[in-house]
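Trainee: Please read through the structure below; I'll follow up with questions.
Please treat every number below as a calculation from the coordinates, not as lab data. Fair warning: this is a prediction, and the values are worked out from it, not measured in the lab. Positions of Cβ are generated from backbone atoms using ideal geometry, with glycine treated the same way; all protein chains shown enter the neighbour counts.
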Amino acid sequence: MKVLVTGATGFIGGHVVAQLLVRGHEVVAVGRDEAKARKLSWFERVRFIACDIHGALERPAERFGQPDAVMHLAWPGLPNYDALFHYEETLPADYRFLKSLVLGGIGQLLVTGTCVEYGMQSGALAEDLPTAPANPYALAKDTLRKALQALQQQHAFVLQWARLFYMHGEGQSPNSLLAQLDRAIDSGETAFNMSGGEQLRDYLTVGEVAARTVLLLEHPECRGVVNVCSGEPTSVRRLVERHLANRGATIRLNLGHYPYSSDAPMAFWGDASRMCALLKKP
């Protein structure tokens, strides 16, 4: 299958492209920075196109070689979740781009969503729960999904909404928790400041997220919203302790140095039933 991947040089995108190649797919990779793409191991094995998908693109389906499916991972400006440009600028540009692909004959769209679409709800979050976005980024993503569902009423295409939870691994933001922990370890610091660490979250490595998202693409009969998650609540403290053990590092955790965030519930994770059923398929 020929697959177009937007955001191919991003945290998730780089791993998704690698996984698609392992699975034998032909990849058209799109990103803004060709120099960054050239540093990735897969660059010579894909057709890479450097462009801004939110710019004025005429007949994008043709420009990208009429792919069989699209994995739309691109979304600029993260992790600034509270910026209004997500809703005012990125949302309409994203919708125009995706609609133009559908009108150009693309029959399958896989678009990455986010667990923050669920808002401040707690516990195990299933795909059929009403969404309750509480910041501009979440609102933009949730609105994009609803707009694409409305588009399906007029144009037939497969929509898979891969709702991502928390991930970590190679290429993660330098401001992420584990990246900060690695710097503290590498610099020989004796203590690491963090919150109390009792928040429960849903974690997967970015490689596993990529593998599960590609698996979802390969099963177009699995439509609508699918949580890409582990289904297992893990405390932030446990995540940190496990990372320390994997690195064989000893550093004192200064628990409670930072207060808990008021912008996220203390305990939430994904209901992984749909994903687990997909993983069991031959």
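Trainee: Where does the charge balance sit around residue 177 when Lys and Arg score +1, Asp and Glu -1, over other residues with C-beta under 13 Å from its C-beta?
Mentor: With Lys, Arg at +1 and Asp, Glu at -1, the net is +3.
Trainee: Would you grab the residues whose amide H sits under 5 Å from the one on residue 123? Only those 5+ places off in sequence or on another chain, please, with H modelled 1.01 Å from N.
Mentor: 267, 268, 269
Trainee: Using r as the Cβ-Cβ distance of residue 95 and residue 2, and R0 as 22 Å, what FRET efficiency do you calculate, to the nearest 0.05?
Mentor: 0.40
Trainee: Just in the stretch 14-63: which trypsin sites (Lys or Arg not before Pro) are loop by DSSP and have at most 11 other Cβ atoms within 10 Å?
Mentor: 39
Trainee: Let me ask something else about it. ³J(HN,Hα) across the stretch 170-177 via Karplus (A = 6.51, B = -1.76, C = 1.60, θ = phi - 60°), whole Hz, x for Gly/Pro?
Mentor: Per-residue couplings from phi come out as 4, x, 5, 4, x, 8, 6, 4 Hz.
Trainee: Sort all Cα-Cα distances of the stretch 1-121 into consecutive 10 angstrom bins from zero, then give the percent of pairs in each bin up to the one containing the longest distance.
Mentor: Taking every Cα pair in the stretch 1-121, the percentages come to 13, 45, 33, 9, 0.
Trainee: First measure r as the distance between the Cβ atoms of residue 62 and residue 85, then evaluate 1/(1 + (r/R0)^6) with R0 = 45 Å and state the FRET efficiency to the nearest 0.05.
Mentor: Result of the calculation: an efficiency of 0.95.
Trainee: Need the full-extension length gain, residue 238 to residue 149, defined as separation in residues times 0.36 nm minus the C-alpha distance. One decimal, nm.
Mentor: The residue 238-residue 149 span can extend by a further 28.2 nm.
Trainee: For the cross-link pairs 36/280; 2/146; 2/280; 2/141; 2/39, which exceed 29 Å when the distance is taken from alpha carbon to alpha carbon?
Mentor: Pairs exceeding the cut-off: 36/280.
Trainee: Quick one: among 50, 210, 93, which has the greatest mean-square fluctuation in a GNM of the chain with alpha-carbon springs under 10 angstrom?
Mentor: Maximum fluctuation in the GNM of the chain, among the listed residues, is at 50.
Trainee: Determine, at each q value in 0.19, 0.20 (inverse angstroms), the log₁₀ of I(q)/I(0) that the Debye formula gives when each Cα of the stretch 28-83 is one equal point scatterer.
Mentor: At q = 0.19, 0.20 Å⁻¹ the computed log10 ratios are -0.81, -0.88.
Trainee: Okay, moving on. Once the Cα atoms of helix 236-247 and of the chain are each reduced to a long axis, what angle between those two axes, in degrees from 0 to 90 to the nearest 10, is obtained?
Mentor: Helix 236-247 sits roughly 90 degrees off the main axis of the chain.
Trainee: Tell me the volume per residue, in Å³, of the convex hull enclosing the alpha carbons of the chain.
Mentor: 135
Trainee: Going by a ≥ b ≥ c, the root eigenvalues of the Cα gyration tensor, does the stretch 109-224 fall in the rounded group (a/c under 1.5), the prolate group (a/b larger than b/c) or the oblate group?
Mentor: Prolate, since a/c reaches 1.5 and a/b exceeds b/c.
Trainee: If you take the charge dipole of the stretch 21-130 about its Cα centre, with +1 on Lys and Arg Cβ and -1 on Asp and Glu Cβ, which of 57, 109, 78 is farthest toward its positive end?
Mentor: About the Cα centre, the residue reaching furthest to the positive side is 57.
Trainee: What is the log10 of I(q)/I(0) for the stretch 144-282, computed with the Debye formula using one identical point scatterer on each Cα and no solvent, at q = 0.12 Å⁻¹?
Mentor: One equal scatterer on each Cα of the stretch 144-282 leads to -0.61.
Trainee: With a ≥ b ≥ c taken as the square roots of the eigenvalues of the C-alpha gyration tensor of the stretch 55-126, please select rounded if a/c is under 1.5 and otherwise prolate if a/b is larger than b/c or oblate if it is not?
Mentor: oblate
Trainee: Show the residues, 5+ positions off or on another chain, whose built amide H is closer than 5 Å to the amide H of residue 158.
Mentor: So residue 158 has HN proximity to 108, 109.
Trainee: With +1 assigned to the C-beta of every Lys and Arg and -1 to the C-beta of every Asp and Glu, and no other charges, what is the dipole magnitude of the chain about the Cα centre in debye, to the nearest 20?
Mentor: Roughly 500 debye for the chain.
Trainee: Restricting to DSSP loop positions (anything but H, G, I, E, B) with no more than 16 other Cβ atoms inside 10 Å of their own Cβ, which trypsin sites (Lys or Arg not before Pro) remain in the stretch 241-280?
Mentor: Answer by residue number: 280.
Trainee: Just name one of 121, 174, 143: the one whose Cα is farthest towards the positive end of the charge dipole of the stretch 100-195 (beta-carbon charges, Lys/Arg +1, Asp/Glu -1).
Mentor: My answer, from the dipole projection, is 143.
Trainee: Let me understand the stretch 197-269 better: what is its radius of gyration from the alpha carbons, and its Dmax, in angstrom?
Mentor: Cα-based Rg and Dmax for the stretch 197-269 come out at 15.9, 49 Å.
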